[in-house]
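Peer 1: Mind looking over this structure? Questions follow.
The values are calculated or read from the model by the stated rules, or taken from the named source; none is laboratory data. Every value quoted in this text rests on a predicted model; they were computed, and no experiment measured them. All Cβ positions, glycine included, derive from the backbone under ideal geometry; neighbour counts span all protein chains shown. Calculation scope for accessible area: heavy atoms of the full protein, side chains included, ligands and nucleic acids excluded. Shrake-Rupley method; radii C 1.70, N 1.55, O 1.52, S 1.80 Å.
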Amino acid sequence: CGWKELGTATAPRQMQAVSEAVERVLVAAQRQDRLTVGVYESAKLMNVDPDSVVLCLLATDEEDEGDIALQIHFTLIQAFCCDNDIHILRVSGMQRLAAILGEPAAGAEPRDLHCLLVTNPHTDAWKSQGLAEVASYCAESRDKNQWVPYVCLQER
């Protein structure tokens with residue numbers, strides 16, 4: 001994926017730094033069992049415990065753009081995140097995302113990677129430099145009236 005930007009002029013170097021921070025956050029969250037995967041699972045969690053959610057990633061590639069049901073889910077999730085002060089980020093690079101998170105167990109259903117939630121315990125014990133970078137990027141984007149910033153996960 002290219003460095004396309006949805007309405008901003010973010011430098012490629014900053015975009016790469018944010019992309020790498022997102023990857024670090026996802027790896028740490030998965031390792032610490034603080035990652036919710038899937039649109040339906042994410043909606044359930046946000047309904048039960050929205051205060052535990054610190055970051056919402058909405059992931060698509062070009063082939064997903066025509067999926068109207070997915071776009072409706074994204075719109076509802078984005079509205080919920082905005083109402084609940086949850087940082088939200090659109091990402092592309094589904095293959096890279098799958099590589100970061102690893103394959104599901106043999107015989108398991110393929111995972112729906114379109115929506116990922118990173119949760120935090122209700123303490124300050126789990127702080128991450130990567131999470132701080134991503135949160136800062138989201139806040140800077142909101143200051144520029146870009147409510148759902150975008151980042152591309154680069155293949156390695």
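Peer 1: Whole number in Å², please: accessible area per residue of the chain, 1.4 Å probe, ligands, DNA and RNA not counted.
Peer 2: That works out to 54 Å² per residue.
Peer 1: Mean Kyte-Doolittle of at least -0.5 and a Cα length of 15 Å or more along the axis: which whole DSSP H helices of the chain meet both?
Peer 2: Qualifying helices: 12-31, 68-83, 129-143.
Peer 1: Roughly to the nearest percent, how much of the accessible area of the stretch 8-156 is carbon and sulfur, given a 1.4 Å probe?
Peer 2: Ligands and nucleic acids excluded, carbon and sulfur give 51 percent.
Peer 1: Can I ask one more? Divide the volume of the convex hull of the Cα atoms of the chain by its number of residues and quote the answer in cubic angstrom per residue.
Peer 2: Value for the chain: 120 Å³ per residue.
Peer 1: Would you calculate a helix-derived [θ] at 222 nm for the chain, using -39,500 (n - 2.57) for each DSSP H run of n ≥ 4 and dividing by the full residue count, to the nearest 500?
Peer 2: Computed mean residue ellipticity for the chain: -14000 deg cm²/dmol.
Peer 1: May I pose another question? Could you work out which residue, out of ALA139, ALA99, ALA29, moves most in a Gaussian network model of the chain, that is, has the largest mean-square fluctuation with Cα springs under 10 Å?
Peer 2: Looking only at ALA139, ALA99, ALA29, the largest GNM fluctuation is found for ALA99.
Peer 1: A further question follows. Taking Cα pairs under 8 Å and at least six residues apart, what relative contact order does the chain come out at, in percent?
Peer 2: Answer for the chain is 41 percent.
Peer 1: Placing unit charges on C-beta atoms (Lys and Arg positive, Asp and Glu negative, everything else neutral), compute the dipole magnitude of the chain about its Cα centre in debye, rounded to 20.
Peer 2: Computed about the Cα centre, the dipole is about 420 debye.
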